Every structure is written in structure tokens, then in C-alpha cells.
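Working notes, beginning with the structure itself.
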Amino acid sequence: IAKIRDGNFYFIEKIETVAECFVDAIGGLISVIGKDTTITIQTVKSEVFPNIEIKKAFGDADMWKVVDGAYHTGISQLPSGKSKNYVLELTIPKTDKVLSDQQKEVAIARALVTVKLAKNDEVIERECELKVNLVNEDEELMPQPADKDLLNNYFRVRSAELMTEARKLAEGGKYEDGRKILQNFKEELSKSAVKDELMVVGLLQDLETTIKEMQPRVFETVGMHRLMQQEVSHMEEKSNPYSMNSA
């Protein structure tokens with residue numbers, strides 16, 4: 001029901017925490033400033049990259065509809081003070097072109113967002129482009145600092161994807177295989193450039209809990225349900241009052 005109505009799924013292990021979920025849900029409703037938001041992301045063809053394409057959008061068919069190479073998603077209710085981040089992977093083909101200074105800044109993707117204001121139904125539209133700065137093969141590429149915001153969100157959606165994969169294995173009785181997937185990812189996070197970021201610290205905590213609960217009886221009783229809440233929370237940035245990574 002939560003997925004069909006774009007709502008939120010809460011796993012309530014202890015009855016005394018119902019109030020936290022109720023406050024979380026009501027708080028989201030009364031802070032809505034926009035509705036029927038639509039987001040379209042597509043590649044930008046250019047002389048330098050005529051065949052660039054989107055390889056993957058995290059969330060798959062549950063979140064995205066693909067029409068003629070453009071990826072479409074939406075938000076039924078947009079709350080005040082919240083950010084929504086989406087992660088897509090692009091395939092950028094090799095090019096042998098020698099670029100002039102005017103060709104080195106290249107747009108590779110474009111996003112179009114429309115939102116209807118809740119107070120008066122006015123429609124606002126915004127468009128932006130993702131541009132990259134290129135260098136020729138014989139030129140020096142200066143060291144690039146890690147984009148922590150990008151890495152945080154990339155690891156967030158990857159964790160959701162791997163949690164789903166691990167849950168499906170555990171549902172088939174392959175608990176050890178599921179734990180191994182999550183343990184490998186936990187080690188990757190622990191060595192990443194953003195291992196001390198609040199987002200990643202929260203992901204590590206959620207992974208540790210999931211690994212502990214991925215065993216017979218515990219998984220069926222509580223682990224599976226808590227994991228389903230974490231999957232949605234991390235992939236779609238929905239609130240989770242039981243996680244330090246709550247959106």
C-alpha cells in the first residue's frame with residue numbers, strides 16, 4: 001500500500017514506539033509545499049560525445065519510467081526543508097578528438113523539474129545541465145578532490161540495492177550469502193574517502209544491524225521487516241525515525 005500510494009512503510013517492533021511513527025507521518029503531511037512534482041533526466045548529445053547514454057538509474061522500474069532514452073520520476077508530495085537526490089550512471093564513450101579551448105566544457109546531461117505549489121497550484125519549472133571540463137590526452141589533469149556529497153548519495157543508493165539483493169537471498173534460505181554481500185560492502189565503506197561522514201556512519205550501523213539479524217528465525221521475525229524499511233529509506237530518501245540517516 002505504501003509503495004502504490006507513495007507513502008512510507010514503518011516497521012514497529014515495539015508498540016511503545018508507535019507515537020514516533022505517527023509524529024513522523026503527520027509532520028511530513030503538514031510541511032508539504034509542493035505536489036505532483038515531475039523530474040526528467042536525459043543525456044545531451046554533442047559533437048564530442050554523440051553517443052552518450054544513461055547506463056543505469058538506481059531504483060530501477062520502481063522509481064523510473066524510461067521513454068525514448070529519457071528517465072522520468074516523480075514526487076507526489078514535496079515537504080519543506082527536505083532534499084531529494086537521485087543517482088544515475090552515464091556511459092561516456094571514448095573520443096579521439098583533439099579539443100579546442102571552446103570545446104572543453106561539454107554538457108552531458110539535462111534535468112527538467114516541474115512542481116505544483118500546494119498553496120495555489122502555480123506550476124514552477126526549472127531546467128539545469130550537468131557539464132564537465134575535459135582535457136586533451138597530452139595535457140595535465142589537476143588532482144580532483146572527492147565530491148563528498150556525490151559519494152554519500154552513491155553509497156546510500158548502493159546500500160539500498162545490496163540490501164534488497166541480500167534480503168532476497170535470505171528469503172530463499174541463503175543467509176550466509178546475504179551476509180557476505182553486506183559484509184563486503186561494509187568493508188568497502190569502511191575504507192572509502194567518506195567513511196567518517198555522518199551518512200556513511202549511519203549506513204555502517206544499519207549494515208551491522210542487518211548482518212546480525214540475517215539468520216534463521218531472527219530474520220523472519222524482525223530482520224526482514226526492518227530491512228525492508230531501510231531499503232526504502234535509503235533508496236528513496238524517505239524518513240525513518242529508527243535510523244540516524246532519516247531523510
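The values are calculated or read from the model by the stated rules, or taken from the named source; none is laboratory data. Fair warning: this is a prediction, and the values are worked out from it, not measured in the lab. In this analysis, Cβ positions are derived from the backbone assuming ideal geometry, glycine residues included, and neighbour counts consider all displayed protein chains. Heavy atoms of the whole protein, side chains included, go into the accessibility calculation; ligands, DNA and RNA do not. Shrake-Rupley method; radii C 1.70, N 1.55, O 1.52, S 1.80 Å.
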| note | Carbon and sulfur atoms account, in whole percent of the 1.4 Å probe accessible area of region 136-208, for 50 percent
| request: Report the residue, chosen from 235, 214, 142, that carries the largest GNM mean-square fluctuation when the chain is represented by alpha-carbon nodes joined by springs under 10 Å. | output: 142
| task | Between residue 76 and residue 141, take the C-beta separation as r, use R0 = 35 Å, and let me know the FRET efficiency to the nearest 0.05. | result | 0.25
| said: Once you place label points 7 Å from the Cα toward the Cβ at residue 35 and residue 96, how far apart are they in nm? | reply: 5.7 nm
| When N counts the residues of region 90-167, how does its alpha-carbon radius of gyration compare numerically with 2.2 N^0.38 Å, as a ratio? | 1.64
| remark: All alpha-carbon distances of region 29-95, grouped into 5 Å bins from 0, give the whole-percent distribution 4, 14, 23, 18, 15, 12, 7, 4, 2, 1, 0
| task | May I have the convex hull volume per residue, in Å³, for the Cα set of region 127-204? | result | 156 Å³
| Taking the Cα centre of region 161-204 as origin and charging only Cβ (+1 Lys, Arg; -1 Asp, Glu), how large is the dipole, in debye to the nearest 20? | 120 debye
| task | For region 82-227, count the residues as N, evaluate 2.2 N^0.38 Å, and divide the Cα radius of gyration by that value, please. | result | 1.44
| query | Where does the longest stretch of the chain lie that holds no GluC sites (Glu not before Pro) found in a DSSP loop with 14 or fewer other Cβ atoms within 10 Å? | reply | 141-247
| Signed unit charges on C-beta, dipole axis of the chain, positive-most listed residue 150, 123, 239 | 239
| said: With viscosity set to 1.306 mPa s at 10 °C, what whole-number translational diffusion coefficient in µm²/s follows for region 170-209 from Stokes-Einstein and a Kirkwood radius over Cα pairs? | reply: 148 µm²/s
| What helices does the chain have that are whole DSSP H segments, at least 15 Å long along their own axis by Cα, and with mean Kyte-Doolittle hydropathy of 1.6 or more? | 18-30
| Where Rh is the Kirkwood radius over the Cα pairs of the chain, the temperature 10 °C and the viscosity 1.306 mPa s, what D in µm²/s does Stokes-Einstein return? | 78 µm²/s
| message | Could you tell me how far the Cα centroid of region 42-84 sits from the Cα centroid of region 146-205, in Å? | response | 23 Å
| request: Express the C-alpha Rg of region 21-134 as a ratio against the empirical globular expectation 2.2 N^0.38 Å, rounded to two decimals. | output: 1.33
| note | Scalar couplings 3J(HN,Hα) for region 131-140 by Karplus 6.51 cos²θ - 1.76 cosθ + 1.60 (θ = phi - 60°), nearest whole Hz, x for Gly and Pro, are 10, 10, 9, 9, 10, 6, 4, 8, 9, 7
| query | Could you name the aspartates and glutamates in cross-link range of residue 180, using Cα to Cα under 16 Å and dropping any fewer than eight places away on the same chain? | reply | 161, 165, 171, 188, 206, 208, 213
| said: Using the Karplus curve 6.51 cos²θ - 1.76 cosθ + 1.60 with θ = phi - 60°, what ³J(HN,Hα) values do you get for each residue of region 85-91, in whole Hz, with x for Gly and Pro? | reply: 10, 10, 10, 10, 10, 10, 9
